[in-house]
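The values are calculated or read from the model by the stated rules, or taken from the named source; none is laboratory data. These numbers come from a predicted model, not from an experiment. Every residue, glycine as well, gets a Cβ built from its backbone with ideal geometry; the counts of neighbours run over all protein chains shown. Side chains are part of the model used for accessible areas, which takes the heavy atoms of the whole protein and leaves out ligands, DNA and RNA. Shrake-Rupley method; radii C 1.70, N 1.55, O 1.52, S 1.80 Å.
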Amino acid sequence: MLTQLRQDHANMARMLHVLQLKQKSLAVGERPNFKLVREVVDYILDYMEEFTVPLERVCSERLQALAPETQELTERLSSDYQALRKRLNRLSGDIDMILMDAVIPMDRFADDLKAYLDAHRTYLRDERELLFPLIRQHFDDRDLELLAQALPEGAAAKLERLQEAYPELYAELRETEEPAA
């Protein structure tokens, strides 16, 4: 299960890298492919809702039951995660407006995108450096199985459907070098 969580982090880092490339082009005054930006944002939102939210809930509840001293950390991570979702939903709304040719200040959008990317990377680092060691320390095989069961049924099939739904994103991911962790 920890291997799967690490793989999920690597995949998310790749998504964030694609967004970062688009943000950098915006910052220098170029207009990126907003349809691709839309696909990345939609993919991340879908992934958060379908996979991360259930895993976070089960992981936090179980970790707090096994090690009550982790409550402050798990609550902070949960709060940080909710803030990430709000930022990303706000960006999603702005992308909708841009795709409808509404006037949105591109410098503000670029700054908002950068702030989101920085916050998401910080969140991933905190999970990797603070949460994963606690899972490794406190969870036994049964706990890891409960965590695996928190994924919706047919998670692999849903991931495959997500991949099919965002073909331009996957073409971009194949062309983009994987970022250093």
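Listed values, structure above:
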item	result
Accessible carbon and sulfur surface of the range 18-91 relative to its total accessible area, %, 1.4 Å	47 percent
Relative packing of 37-44, 141-148, which averages over residues the other C-beta atoms within 10 Å, highest first	37-44, 141-148
Compactness index (Cα Rg / 2.2 N^0.38 Å), the range 9-68	1.55
Solvent-accessible surface ranking, highest first, for HIS9, HIS138 at 1.4 angstrom	HIS138, HIS9
For the range 1-150: accessible area per residue (Å², 1.4 Å)	51 Å²
